[in-house]
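The values are calculated or read from the model by the stated rules, or taken from the named source; none is laboratory data. None of the values given here were measured: they were computed from a predicted structure. Cβ placement follows ideal geometry from the backbone for every residue including glycine, while neighbour counts extend to all protein chains displayed.
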Amino acid sequence: MDINYNIRQLNETRYSFELPFGAGVPEKKDIMFGFRHRIGADKESSSIIIEIVVTVTDKTSENVLAENGIMAVFGIDPFEVVVLEANENGIKVSEPRLIDTFINISIGALRGMLAKNFKQTPLEGCILPLIPMEAVHKMFTLRQ
């Protein structure tokens, strides 16, 4: 069976940057990235919605330096074949590799937005590290 999918929406939902007054510019080795995320499904629009926010912190002072968020909406047809269950804890899918692709697209877009937003700031050159998919999809999906 063929599964068709597309990117319906890919938006930056949040960006903030703040170096605390009097704080020096942290060294790159002292930069820490943290994540919040949510994945959901909308049966009515046959969509998977992924939201990710990355928080950039100076681990020596624990000051939050920046936050950047993204929301991606992916259309799927036939939806009912791919999304078997959706609730507040995540989604259960028949095609985990497809969802992994959606997550990779979302993280890649967030990485690019962060790099763009850090240009001409003291955090220029701080790049969101690569994240192993095994670590990511355990947090995102309920496997069949």
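Summary table
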{"read-out": "Residues that are assigned to a helix (DSSP H, G or I), closer than 14 Å to I50 by Cα and free of Cβ contacts under 8 Å to residues at least 24 places away in the same chain, drawn from segment 75-108", "value": "T101, G108"}
{"read-out": "Test set (1) out of contact with any helix residue (DSSP H, G or I) (no Cβ under 8 Å at 6 or more places or on another chain); (2) touching a residue at least 40 places away in the same chain (Cβ under 8 Å) - M32 fails condition number", "value": "(2)"}
{"read-out": "Positions within segment 96-112 being over 16 Å from the mean Cα position of the chain (by Cα) and buried (at least 16 other Cβ atoms within 10 Å of the Cβ), in sequence order", "value": "P96"}
{"read-out": "Among (1) of a type in the set (A, V, I, L, M); (2) out of contact with any Gly (no Cβ under 7 Å at 6 or more places or on another chain); (3) more than 30 Å from E62 (Cβ to Cβ); (4) in a strand (DSSP E or B) - the single one M1 does not satisfy", "value": "(4)"}
{"read-out": "Top-ranked residue of segment 54-63 - restricted to ones that are touching a residue at least 40 places away in the same chain (Cβ under 8 Å) and either in contact with a Gly (Cβ under 8 Å, 6 or more places away or on another chain) or part of a strand (DSSP E or B) (or both), ranked as surrounded by the fewest Cβ atoms within 10 Å (Cβ to Cβ)", "value": "N63"}
{"read-out": "Residue that is nearest to the chain's Cα centre (by Cα) [pool: residues in segment 46-63 that are within 11 Å of M32 (Cβ to Cβ) and of a type in the set (V, I, T)]", "value": "V54"}
{"read-out": "Single residue of A72, A66, A41 found to be within 17 Å of the chain's Cα centre (by Cα), assigned to a strand (DSSP E or B) and more than 26 Å from E134 (Cβ to Cβ)", "value": "A66"}
{"read-out": "Sole exception among (1) farther than 19 Å from E88 by Cβ; (2) modelled with pLDDT of 90 or more for I48, by number", "value": "(1)"}
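The rows are residues; the columns are (1) modelled with pLDDT under 95; (2) farther than 22 Å from G40 by Cβ.
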site	(1), (2)
I70	no, no
R97	yes, no
D100	yes, no
N104	yes, no
C126	yes, yes
V136	yes, no
T141	yes, no
